[in-house]
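Heads up, the thing below is written out as structure tokens.
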Amino acid sequence: MTKNNVGIAGLVMPVIIAMLLVVAGSARVTASDQPSAGNAAVKIDNFVFGPQAITVPVGTTVTWTNSDDIPHTAVSTDGVFKSKVMDTDEKFSYTFTKAGTYSYYCSVHPKMTGQVVVK
Ligand SMILES: [Cu+2]
């Protein structure tokens, strides 16, 4: 009798643990979806914004990082955002709270252009 009970518990417990892991796992996926949707990165290297165009959800914070050995800026064509001059490895972040298409350029090298599409 006692042996049988232990046997059943031995079978049931792994199932319960597995179910708990599935529940915990799905909760973690839901939680981590939001931060990943909330941040995006643009790398500046060799006089290019990369990616040149990105599409992000409303509320996303985009961070530009200057990986070039030359100073650059990220300045919105419509005056929505304007970074200071970023030296090597310096960053600039802006949070996009409204949907729209945001074109920007580097004020030091106006031929450098990029676009953030917020949906
Ligand atoms: Cu530049």
Self-check item: 5 angstrom amide H check on Thr55, placed H, neighbours 5+ away
Solution: Val117
Exercise. For region 34-80 and region 85-119, compute the distance between their C-alpha centroids and round to whole Å.
Key: 5
Quiz item: Hey, which of these cross-link pairs are over 18 Å Cα-Cα: Lys43/Lys98; Lys43/Lys91; Lys98/Lys119?
Solution: Lys43/Lys98
Practice problem: Using amide H atoms built 1.01 Å from N in the peptide plane, name the residues 5+ places from Ala41, or on other chains, whose amide H lies under 5 Å from its own. | Solution: Thr63
Quiz prompt | Stretch gain in nm, segment Asp45-Thr77, where the contour uses 0.36 nm per residue and the Cα spacing is subtracted | solution = 9.5 nm
Quiz item: Ignoring any ligand, DNA or RNA, what whole percent of the accessible area of region 67-119 comes from carbon and sulfur when the probe is 1.4 angstrom?
Solution: 52
Quiz item: With every protein chain present, what is the per residue accessible area of region 63-119 (1.4 Å probe, Å²)?
Solution: 54
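The values are calculated or read from the model by the stated rules, or taken from the named source; none is laboratory data. If you're wondering where the values come from, they're calculated on a predicted model, not measured in any experiment. To get the accessible areas, we keep the full protein, side chains included, count just its heavy atoms, and leave off ligands, DNA and RNA. Shrake-Rupley method; radii C 1.70, N 1.55, O 1.52, S 1.80 Å.
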